[in-house]
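See below for the structure under consideration.
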Amino acid sequence: TLTQSIDGSYDPLYKEYDVMVHGLPFVPKSCEADGVLVTFDVINPDKNVIRFNVSKAFTKIVVKA
């Protein structure tokens with residue numbers, strides 16, 4: 001699980017984060033951002049590395065086995 005909180009009024013120009021997660025201790029089966037399923041790509045299946053995009057305003061990401 002990854003959480004984000006935002007303070008202040010800064011509003012960057014980008015709309016999304018390109019997230020890459022390395023070395024998960026399990027084979028990822030699903031990924032959710034704020035309760036919505038997110039499509040992810042497996043970059044390295046031997047090391048359980050995945051990549052996905054989420055809104056810059058996400059509050060919680062959950063990767064499940």
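Spelling out what I want: for every residue of the stretch 7-24, take phi, set θ = phi - 60°, compute 6.51 cos²θ - 1.76 cosθ + 1.60 (Karplus), and round to whole Hz; glycine and proline get x.
Calculated HN-Hα couplings, in order: 10, x, 10, 4, 10, x, 6, 6, 9, 9, 9, 9, 9, 10, 10, 10, x, 4 Hz.
What percent does the relative contact order of the chain come to when contacts are Cα pairs within less than 8 Å and at least six residues apart?
Dividing the mean separation by the residue count of the chain yields 45 percent.
Rank Phe58, Val36, Leu24 by how far each Cα sits towards the positive end of the charge dipole of the stretch 16-64 (+1 on Lys, Arg Cβ; -1 on Asp, Glu Cβ) and give me just the farthest.
Of the options given, the answer is Leu24.
So what are the chain's ellipsoid semi-axes, whole angstrom, largest first, if each one is the square root of 5 times an eigenvalue of the alpha-carbon gyration tensor?
Result for the chain: semi-axes of 24, 12, 10 Å.
Read-outs throughout are calculated quantities, based only on the coordinates presented, and are distinct from any laboratory measurement. Being a predicted model, the structure only gives us computed values, none of them experimental. Cβ: placed from backbone, ideal geometry, glycine included. Neighbour counts: every protein chain shown.
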